[in-house]
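Taken together, the values in this text are just the output of simple stated rules run on the coordinates, not laboratory data. The shown structure was predicted, so the numbers you read here are calculated from the model rather than taken from an experiment. Cβ coordinates were reconstructed from backbone atoms using ideal geometry, including for glycine residues, and neighbour counts include every protein chain displayed.
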């Protein structure tokens, strides 16, 4: 039927133009929908930017207006006075960067093992690892807390860093890319005297850059925005992260709208910088990497 429709369109140019017109209209409609959805997603961020530069009177009197005629920087000065912002920022960076580096190294090593080697019960072990993705984190929260308490790691960064060193999703995504690498490349490297570890660093890692990039990006964002973990495992104010510190600025007697929103704006800047640097290069390739058959 499609062939007959195409033949009819070739015989009647008017019908072909009619079909192209409908395709153009559909594409225009899709673009308009994407623009509307993009504006909806950007609206909270625009309100956050506008509120950070508004006076307290304007925030309370006209909260739904993101534009202010009297911009001020007093909210930033109040934030730095009430909160050790840069100390909390350093704690968040230490945790997020450490988790990201460990996730890149260990996820890549595990993925390389599943992609390159054949061993007994390999498929069952891989399926069991993927099954852990269906376990909610709340179920393992109490056992994890008891385990880290027995280790004496409470009020340290270790409970926030080590659990994120290896993840089933990261292993799966990187493994899907490594499986697609031709084995002849590794065989040629072994003939030239390259060790297995050398093949990992010189061949597997560079050719899996798209998957590693998206794993690093998602891991950093997850550790950077983590609120529950630091709230449970950290008790010292000097070791608190920025996500938890911003919530301590209000009390039942007085609610400060400006300072937490200003802190949230500053907290989002590292993620935006990271997305602008590596997100555009790796995100699309990394998303489609999981669809490679292997």
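Ranking 262, 43 by Cβ neighbours within 10 Å, fewest first, what do you get?
Values: 262 27, 43 11.
Lowest to highest Cβ neighbour count: 43, 262.
Quick one: order 257, 112 by neighbouring beta-carbon count within 10 Å, fewest to most.
Details: 257 15, 112 23.
So the residues, fewest neighbours to most, are 257, 112.
So if I take the centroid of the Cα atoms in region 39-93 and the same for region 223-267, what is the distance between those two points in Å?
14
Hey, fewest Cβ within 10 Å first, where do 224, 158, 22 land in order?
On the way: 224 22, 158 14, 22 10.
Neighbour counts put them in this order, fewest first: 22, 158, 224.
Rounded, prolate or oblate for region 77-289? Axes are the square roots of the Cα gyration tensor eigenvalues, ordered a ≥ b ≥ c, and the cut-off for rounded is a/c under 1.5. Present the calculation step by step, with values, prior to reporting the outcome.
Details: a/c = 2.71, a/b = 1.86, b/c = 1.46.
Because a/c hits 1.5 or more and a/b exceeds b/c, region 77-289 counts as prolate.
Would you calculate, for the chain, the mean residue ellipticity at 222 nm contributed by helices, counting each DSSP H stretch of 4 or more residues as -39,500 (n - 2.57) and dividing by all residues, to the nearest 500? It would help to have the intermediate numbers written out before the result.
Details: 16 runs with 200 residues, N = 294.
-21500 deg cm²/dmol, from helical runs alone.
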